[in-house]
1. Just flag the GluC sites (Glu not before Pro) in the range 45-143 sitting in loop per DSSP whose Cβ has no more than 10 other Cβ atoms within 10 Å.
2. Given labels modelled 7 Å from the Cα in the Cβ direction, how far is it in nm from Asp151 to Glu28?
3. Jot down the radius of gyration and Dmax of the range 6-135, Cα atoms only, both in angstrom.
4. When the Cα centres of the range 103-122 and the range 1-65 are compared, how far apart do they sit, in Å?
5. Consider all pairwise Cα distances in the range 64-162 and report the whole-number % of them above 23 Å.
6. Report, please, the projected area of the range 120-162 averaged over directions, based on the convex hull of its C-alpha atoms, in nm².
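Nothing in this text is a laboratory measurement; each read-out follows from the coordinates by a stated rule. As the structure is a computational prediction, the values presented were derived from the model and not from experiment. Don't worry about glycine lacking a Cβ; one is built from the backbone with ideal geometry, like all the others, and counts go over all protein chains shown.
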Amino acid sequence: MSGPVVGIVMGSDSDWPTMEPAARALDEFDVGWEAHVLSAHRTPRRMLEWAEGAAGRGLRVVVAGAGGAAHLPGMIAAATPLPVIGVPRALDRLDGLDSLLSIVQMPAGVPVATVSIGGGRNAGLLAVRILAASDEALRARVEEFQAALADSVVARDAQLQE
Ligand code: RP5
């Protein structure tokens, strides 16, 4: 794949440690990504501009993370036809439940595929699977990944029997 096909966006630079695992997962599958800080509250116009142009620039999936009043994933989903994966980030208070509910409880017609609190890696892996649905070579790599994951569990179980 040439050029970024996944957009990773976050409400604040402080979200990067939560979102970086998504980038690393995409790297594992050689999927190109771009990352931006776009705040639904602090830079709403910039956020909309980015979301409205995302599909036209060649992006195919968006991974959006935020914490607290986490409106970014939903607002991005409102402004693009692309699939949006939401990543709730835990802040110091409420353990991320506020972020989770802000992201997952979307109105009918505007879906956000929400991963677990702090689930940046799974968000990256889900983006890979979405792309793999229309890319046979990538799907083969996802299958290899799944087989390796299963092997690692079996190997660990065998260790415990020694
Ligand atoms: C949200 O507010 C951001 O996504 C971040 O998770 C949270 C705190 O932002 P900072 O105060 O660290 O910039 O909009």
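1. Working: sites: Glu49, Glu52, Glu136, Glu143; in loops: none.
Taking the range 45-143 and a limit of 10 other Cβ atoms within 10 Å, no loop GluC sites (Glu not before Pro) are found.
2. Each label point lies 7 Å from its Cα, and together they span 1.4 nm.
3. 13.1, 41
4. The distance from the Cα centre of the range 103-122 to that of the range 1-65 comes to 15 Å.
5. Numbers: 2031 of 4851 pairs.
In whole percent, the long-distance tail amounts to 42.
6. On the way: hull surface 13.2 nm².
So the Cα hull casts an average projection of 3.3 nm².
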